[in-house]
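Everything below concerns the one structure shown next.
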Amino acid sequence: MENNKKSLGAFLSEYAAYIALVVLAIVLCAVSPEFRTASNFLNLMRQATFNGLIAFGMTCVILSDGIDLSVGSTFALSAIICAEMLVNGISAPLAILAALVVGTLLGVVSGILVTKGRLQPFIATLITMTAYRGFAMILTDGKPISKLKGSIESEFGAKLFETLGKGSLDLGFIAIPVPVIIMLVSLAIFWFVLHKTTFGRKLYATGSNIKCANLVGVDTTKTKIIVYAISGFMAALAGLIMISRVDSAQSILGEGYELDAIAAVALGGTSMSGGRGKIMGTFAGVLIIAVLNNGMNIMGINTYYQSVVKALVILIAVLADRKR
């Protein structure tokens, strides 16, 4: 009997995020007919894209026993650089590539501050978060950059840019938004890298016990810089999808996104102390937050109360992690 209880407890601990997601979805389906429509489901998945992409990168950082508060600012700065290049006549493919490179380099800066500068990840990324947001405001002078697609002269470039945020793959019976496809492909890549590659094993070893990882030959400094670079790249990719969708960029983009990403990772069962967690759990956490947001919007719950609800959800997830 005791073994059965332990097995049940282990099962519930392992699959808590998935169980919570299913229960939440069933409740909302019962409460609101609007929630269970196909169009709302696609809209929910599209809304989850931004948090999903950022949270995948955040998972790697937290697995390394770090944290990245700068993802929201990286999201904005990378998007603004792309927008500035587009309105100044630079081709869309080059502007998109430049934004992704910039996002990656911004992540590298955070990684260097953590490893070479020996700053606490919270402090290091708080510094870069503030600095990157400041640069975003300087570049735009606090004003939005609009009509991005109209600034692209090449028909191919305009189509490429628009497809990032507004495109869809028509399967006949359903049209899957391109952002959702990008998120799912990214999920598959992260799963493979974390669970089937040497780098994934090094990452888990670094987060579990950095001293032991160094003793067995893992270059933990390089590993940590790479995960921050990945986090920056994913934030930049999410930023590009956002400006493609809304056809404009401004310095306030991505504010608060770091909190949603951390919440998704925590809800997914990744230990905030590093070394333990799964990318599929993070995906479940992303969907939980998306379902919560979507459901509360459908039911007309005030946005102020929504913030309180999300805070309580994060608290429960962190307390559950501490218990584990």
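The values are calculated or read from the model by the stated rules, or taken from the named source; none is laboratory data. Predicted model, so just to flag it, every value in this text is computed and none were measured. Here Cβ is always computed from backbone atoms with ideal geometry, including for glycine, and neighbour counts include all displayed protein chains. Calculation scope for accessible area: heavy atoms of the full protein, side chains included, ligands and nucleic acids excluded. Shrake-Rupley method; radii C 1.70, N 1.55, O 1.52, S 1.80 Å.
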note = By residue number, the members of the range 80-94 that are free of Cβ contacts under 8 Å to residues at least 40 places away in the same chain and assigned to a helix (DSSP H, G or I) are MET85, LEU94
inquiry  = If VAL286 meets every condition in (1) surrounded by fewer than 21 Cβ atoms within 10 Å (Cβ to Cβ); (2) in contact (Cβ under 8 Å) with a residue 24 or more places away in the chain; (3) closer than 30 Å to SER32 by Cβ apart from one, which number is that one?
reply    = (1)
query = Looking at the range 91-106, is at least one residue buried (at least 20 other Cβ atoms within 10 Å of the Cβ) and hydroxyl-bearing (Ser, Thr, Tyr)?
reply = yes
inquiry  = Tell me yes or no: at least one residue of the range 68-90 is buried (at least 24 other Cβ atoms within 10 Å of the Cβ) and among the acidic types (Asp, Glu).
reply    = yes
message = Please go through (1) under 24 Å from the mean Cα position of the chain (by Cα); (2) crowded, with 16+ Cβ neighbours inside 10 Å; (3) closer than 30 Å to GLY167 by Cα for VAL109 and return the number of the only condition it doesn't satisfy.
response = (3)
note = Matching residues in the range 165-205 (open to solvent by 60 Å² or more (accessible area, probe 1.4 Å) and among the hydroxyl-bearing types (Ser, Thr, Tyr)) number 2
task = Just give me the residues in the range 206-222 being among the hydrophobic types (A, V, I, L, M, F, W, C) and either surrounded by fewer than 14 Cβ atoms within 10 Å (Cβ to Cβ) or modelled with pLDDT of 95 or more (or both), in sequence order.
result = CYS212, LEU215, VAL216
message = Kindly evaluate ILE316 against the criterion of being of a type outside the set (Lys, Arg) and surrounded by fewer than 24 Cβ atoms within 10 Å (Cβ to Cβ).
response = yes
note = The condition from (1) modelled with pLDDT of 90 or more; (2) over 24 Å from VAL109 (Cβ atoms); (3) in contact with a Ser or Thr (Cβ under 7 Å, 6 or more places away or on another chain) that LYS159 misses is numbered (3)
ask   = Do you know which of the residues in the range 25-79 that are in a helix (DSSP H, G or I), among the aromatic types (Phe, Trp, Tyr) and touching a helix residue (DSSP H, G or I) at 6+ places or on another chain (Cβ under 8 Å) is farthest from VAL180 (Cα to Cα)?
value = PHE75
task = Could you pull out the residue among GLY285, GLY274, GLY300, GLY295 that is within 16 Å of the chain's Cα centre (by Cα) and not acidic (Asp, Glu)?
result = GLY285
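Output the residues belonging to the range 124-136 that are open to solvent by 20 Å² or more (accessible area, probe 1.4 Å), touching a helix residue (DSSP H, G or I) at 6+ places or on another chain (Cβ under 9 Å) and not charged (D, E, K, R). Even if it seems obvious, please write down each step before you answer.
The first filter runs over the range 124-136 and keeps only residues open to solvent by 20 Å² or more (accessible area, probe 1.4 Å), leaving 126-127, 129-131, 133-135.
Subset that is touching a helix residue (DSSP H, G or I) at 6+ places or on another chain (Cβ under 9 Å): 127, 129-131, 133-135.
Selection gives ILE127, MET129, THR130, ALA131, GLY134, PHE135.
Could you please let me know if THR115 is under 17 Å from THR74 (Cα atoms) and touching a residue at least 12 places away in the same chain (Cβ under 8 Å)?
Working: under 17 Å from THR74 (Cα atoms): no; touching a residue at least 12 places away in the same chain (Cβ under 8 Å): yes.
Here the answer is no, as THR115 does not meet what is asked.
If I filter the range 115-136 for residues that are assigned to a helix (DSSP H, G or I) and within 30 Å of PHE156 (Cα to Cα), do I get at least one hit? Show your work before the answer.
To start, the set of residues in the range 115-136 that are assigned to a helix (DSSP H, G or I) comprises 115, 121-136.
Still in the running and within 30 Å of PHE156 (Cα to Cα): 136.
Within the range 115-136, one or more residues are assigned to a helix (DSSP H, G or I) and within 30 Å of PHE156 (Cα to Cα).
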request  = Inspect all residues belonging to the range 268-279 and state whether any of them is surrounded by fewer than 24 Cβ atoms within 10 Å (Cβ to Cβ) and part of a helix (DSSP H, G or I).
outcome  = no
